[in-house]
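Working notes for the structure below.
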Amino acid sequence: MFSTSADPRQIVAATTDRELQQIGEKILAGNRVSYEEGVILFEKASLPFAGALANWVREQKHGHKTYFNRNFHIEPTNVCMFTCHFCSYSRLYANREEGWELTIDQMLDIVKKYDGKPVTEVHIVGGVHPKMNLYFFVELLQKIKQHRPDLHIKGFTAVELDYMFRKAKLSVEEGMKVLNDAGLQSLPGGGAEIFHKEIRDQICADKVDADGWLNIHRAAHNLGMHSNATMLYGHLEQYWHRVDHMERLRSLQDETGGFNTFIPLKFRNGDNDMSHVAETPVVEDMRLYAIARLYMDNFPHLKAYWPMLGRQNAQLTLSFGVNDLDGTIDDTTKIYSMAGSEEQTPALSTAQLVSLIKQAKREPVERDTLYNEIKNYSEIDITELEVNPLYN
Ligand code: V47
Ligand code: SF4
């Protein structure tokens with residue numbers, strides 16, 4: 001249908017750096033990049049080199065298909081027991097009057113606002129509030145499912161789950177089963193940050209560690225649930241910390257196959273304890289997405305989360321390995337606007353998302369949370385969508 005990039009074979013053949021050339025040849029032969037080679041890619045690969053290869057891998061896996069979904073978020077609270085230095089969103093329990101705490105009825109009212117609207121997913125994520133325990137969320141999940149059984153519930157980062165399970169004195173396996181039985185279907189990828197202790201101790205010392213995070217996702221996968229994985233990049237970490245992070249995820253994926261999507265999250269420095277740390281340049285963001293696509297060979301999807309990256313840069317990632325943009329969101333999350341993202345009221349209509357993807361010469365496909373295809377919009381005229389309230 002389209003041709004979006006230079007031929008990676010020519011770029012690899014013309015590369016004067018022997019190490020990079022060997023890595024390029026390995027990728028083109030369908031072989032896995034090693035940890036050492038991942039570090040070399042970060043150190044030496046130019047954007048055109050990494051980008052052409054990543055685009056080639058992406059097109060091998062998905063052609064031009066670019067996924068999005070129709071979703072909304074519920075953020076039960078921003079009161080949090082933890083003190084992640086990059087977080088602009090949370091308020092300590094002692095200062096909880098500065099934050100919000102939603103009741104179950106208030107959260108159900110949010111769900112009810114979407115009655116009759118074609119959303120397929122609710123994403124529930126928030127701070128770790130000492131009074132919102134496992135059984136509070138069991139009731140919430142059951143009530144959402146009673147009201148709207150077709151809505152896929154993706155909820156709770158491993159950080160929230162670790163706290164809930166420990167407080168309920170349940171093992172990870174027991175706690176996960178309780179939530180799954182109550183209606184929880186998938187886990188989002190948050191809370192992973194950077195796994196390596198050297199960095200984790202500096203940015204989020206007091207929350208679940210790498211093994212705890214990985215164990216929670218393993219337990220979900222063992223129950224047949226799917227999950228995502230994130231990496232918060234562009235702050236104190238060095239290149240090898242990123243590769244170490246991706247390596248741990250890639251190994252778990254080899255074991256369980258339960259991850260759907262890898263989501264690199266760019267550190268935004270607005271109004272947090274790390275505001276003095278400069279944000280990464282866009283060229284570094286694009287290189288990171290490309291190298292992630294090359295490294296995470298067993299992750300089916302690579303997502304650019306537009307509310308955090310901004311819609312223009314998210315659109316650009318579609319040429320650097322990304323095949324998913326998340327969803328319509330409908331201005332229901334505050335995590336990124338509070339951290340200074342250009343998206344201060346994150347909401348895109350279906351028509352806008354389709355148009356964003358078409359402008360990048362890709363094929364827009366609406367998906368559900370598990371990447372079942374709902375509708376391919378490539379042959380649908382944008383003006384048809386713009387006049388139809390179902391797509392606005
Ligand atoms: O873990 C917090 C990140 C994450 C900042 O699974 C920040 O589909 C950048 O994980 N700058 C939570 N990032 C959100 C999350 C997520 C989002 C969208 C989709 C999915 C999915 C998951 O937000 C946290 C943290 O890494 N975050 N503060 C900040 N200043
Ligand atoms: Fe709490 Fe999550 Fe913010 Fe950390 S990132 S302080 S766990 S809300």
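The values are calculated or read from the model by the stated rules, or taken from the named source; none is laboratory data. Owing to the predicted nature of the structure, the values given are computational and were not obtained by experimental measurement. With ideal geometry, Cβ positions are generated from the backbone for all residues, glycine too; neighbour counts draw on all protein chains shown.
Taking only segment 261-305 into account, find how many residues are among the aliphatic types (A, V, I, L, M), near ligand 1 (Cβ under 10 Å from one of its atoms) and under 18 Å from the mean Cα position of the chain (by Cα). Final tally of qualifying residues: 2.
Give the residues of segment 1-35 that are at pLDDT 95 or above, under 29 Å from the mean Cα position of the chain (by Cα), exposed (fewer than 14 other Cβ atoms within 10 Å of the Cβ) and among the hydrophobic types (A, V, I, L, M, F, W, C), sorted by residue number. Selection gives A29 alone. Filtering segment 324-337 for residues that are surrounded by 23 or more Cβ atoms within 10 Å (Cβ to Cβ), basic (K, R), assigned to a loop (DSSP other than H, G, I, E, B) and within 13 Å of ligand 1 (Cβ to nearest atom) leaves an empty set. Just need a number here: residues in segment 182-228 that are charged (D, E, K, R), more than 16 Å from ligand 2 (Cβ to nearest atom) and in contact with a helix residue (DSSP H, G or I) (Cβ under 8 Å, 6 or more places away or on another chain). Qualifying residue count, segment 182-228: 3. Of all positions in segment 36-46, at least one carries a residue that is in contact (Cβ under 8 Å) with a residue 24 or more places away in the chain, surrounded by fewer than 14 Cβ atoms within 10 Å (Cβ to Cβ) and outside any loop (DSSP other than H, G, I, E, B).
Among the residues of segment 237-253, is there at least one that is outside any helix (DSSP H, G or I) and surrounded by fewer than 22 Cβ atoms within 10 Å (Cβ to Cβ)? Yes.
Rundown of residues vs (1) of a type in the set (D, E, K, R); (2) in contact (Cβ under 8 Å) with a residue 12 or more places away in the chain; (3) more than 16 Å from ligand 2 (Cβ to nearest atom), yes/no style:
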{"position": "H301", "(1), (2), (3)": "no, yes, yes"}
{"position": "R311", "(1), (2), (3)": "yes, yes, yes"}
{"position": "D368", "(1), (2), (3)": "yes, yes, yes"}
{"position": "N376", "(1), (2), (3)": "no, yes, yes"}
{"position": "T383", "(1), (2), (3)": "no, no, yes"}
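Residues in segment 254-263 that are outside any loop (DSSP other than H, G, I, E, B), more than 16 Å from ligand 2 (Cβ to nearest atom) and not aromatic (F, W, Y): D254, E255, T256, N260, T261. Summed over segment 233-271, residues that are under 27 Å from E343 (Cβ atoms) and either among the charged types (D, E, K, R) or touching a Lys or Arg at 6+ places or on another chain (Cβ under 8 Å) (or both) total 10. Looking only at residues of segment 266-294 that are within 16 Å of ligand 2 (Cβ to nearest atom) and crowded, with 23+ Cβ neighbours inside 10 Å, we find that the one that is farthest from V57 (Cα to Cα) is R268.
Of the residues F86, F136, the single one that is within 16 Å of ligand 2 (Cβ to nearest atom) and either out of contact with any Ser or Thr (no Cβ under 8 Å at 6 or more places or on another chain) or over 30 Å from D206 (Cβ atoms) (or both) is F86. Just so you know, in segment 101-144 the residues that are part of a loop (DSSP other than H, G, I, E, B) and of a type in the set (S, T, N, Q) include one that is farthest from G189 (Cα to Cα), and it is T103. Only residues that are within 14 Å of H62 (Cβ to Cβ) and assigned to a loop (DSSP other than H, G, I, E, B) were counted in segment 363-392, giving 2. Candidates are the residues of segment 153-171 that are under 17 Å from K131 (Cβ atoms) and not in a helix (DSSP H, G or I); the one that is farthest from ligand 1 (Cβ to nearest atom) is K169. Of all the criteria given as (1) of a type outside the set (A, V, I, L, M, F, W, C); (2) in contact with a strand residue (DSSP E or B) (Cβ under 9 Å, 6 or more places away or on another chain); (3) in a loop (DSSP other than H, G, I, E, B); (4) within 16 Å of ligand 1 (Cβ to nearest atom), the one not satisfied by T83 is (2).
Residues that are under 17 Å from N69 (Cβ atoms) and out of contact with any helix residue (DSSP H, G or I) (no Cβ under 8 Å at 6 or more places or on another chain) were ranked within segment 305-326; the one that is modelled with the highest pLDDT is D324.
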